[in-house]
Amino acid sequence: MSGKMKSEKLRRVVMTVAGVTASGVAVGFFNYSAFGMDPFQVLAHGLWNLTPIGYGTFYTVFSLFLFVFTLLMDRKKIGLGTIINMFLLGYITEFFSWLFAVLFPNGGFFFRLVMLLIGITIMCLGASLYFTANMGVSVYDAVALCLSERTPIKFQYCRIGSDVICVAVGFFLGAQVGLGTVITMFFTGPLIHVFQQILAIPLIRGRNPVAYGIRKLYLTCKKALKQRRRAKAL
């Protein structure tokens, strides 16, 4: 394996681990804010209401079901990121949920709202990193990714659609929906797309995201000016 390939593989591993870890931290922010569950959790809790078993057992079974679905749809979506999501994400989330509760025991409404917005931002940033690294994603994230690859619909809209369906089904089955759920439902997909363009894609290519962004902005402005001159000439 050449040095270039080793360097790229290392970047992918680091982006995967960092992305999944960031997602766990983000859920800690989300839980502290107490503004409702994310769309996947809404669906999971709604379905859990139909069963007599404990939530932990149900969530494991449900995750394994989605794992098999992902394996059948596109086994390339299964990898390091999937394993970390299934077995470590919960512990990361549990730790940071505890940490925020200890550090900020009496957070008011506006403080919790800020924590919610920070959590959503970090969640989308983390997802953009491990999506782009392409070393496996969570079983829920794989659904929207598979749909976007098999249809002409862009990922951000597939994600909004899958989130809306999860929330609708979960709410109908008795799960709690809050402000955080609604914000996540409509902004997660577009935010992940933005972070992929300005951060994750430059990183996977070994470029400086700031320099890459400035250059991309320069080329866009240059193209717009050229089109404007052509329009005036006509």
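The values are calculated or read from the model by the stated rules, or taken from the named source; none is laboratory data. Nothing here was measured: the structure is a model prediction, and the numbers come from that model. Quick reminder, even Gly has a Cβ in these numbers, built from the backbone with ideal geometry, and neighbours come from all protein chains shown.
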Mind checking whether some residue in region 150-162 is among the aliphatic types (A, V, I, L, M) and surrounded by fewer than 18 Cβ atoms within 10 Å (Cβ to Cβ)? yes
Applying the selection to region 48-61, what residues are surrounded by fewer than 18 Cβ atoms within 10 Å (Cβ to Cβ) and over 19 Å from the mean Cα position of the chain (by Cα)? N49, L50, T51, P52, I53, G54, Y55, G56, T57, T60, V61
Within region 112-146, tally of residues that are acidic (D, E) and over 20 Å from T82 (Cβ atoms): 0
Subset of region 148-163 (residues that are more than 19 Å from G46 (Cα to Cα), touching a residue at least 24 places away in the same chain (Cβ under 8 Å) and among the hydroxyl-bearing types (S, T, Y)): Y157
Kindly establish whether V169 is farther than 24 Å from I83 by Cβ, surrounded by fewer than 17 Cβ atoms within 10 Å (Cβ to Cβ), in contact (Cβ under 8 Å) with a residue 60 or more places away in the chain and under 19 Å from the mean Cα position of the chain (by Cα). no
Leading residue by the ranking (nearest to P39 (Cα to Cα)) among those in region 121-147 that are in contact with a Lys or Arg (Cβ under 6 Å, 6 or more places away or on another chain) and in a helix (DSSP H, G or I): A144
If you scan region 102-134, which residues turn out to be in contact (Cβ under 8 Å) with a residue 60 or more places away in the chain, of a type in the set (A, V, I, L, M, F, W, C) and more than 27 Å from L199 (Cβ to Cβ)? F104
State all residues of region 70-112 that are farther than 19 Å from G36 by Cβ, surrounded by 18 or more Cβ atoms within 10 Å (Cβ to Cβ) and of a type outside the set (A, V, I, L, M, F, W, C); if no residue qualifies, say none. T70, K77, G81, T82, N85
Out of region 186-199, which residues are surrounded by fewer than 23 Cβ atoms within 10 Å (Cβ to Cβ) and among the hydrophobic types (A, V, I, L, M, F, W, C)? F186, F187, L191, V194, F195, I198, L199
Do we have any residue at all in region 69-89 that's on the phi > 0 side of the Ramachandran plot and either in contact with a Ser or Thr (Cβ under 6 Å, 6 or more places away or on another chain) or at pLDDT 90 or above (or both)? no
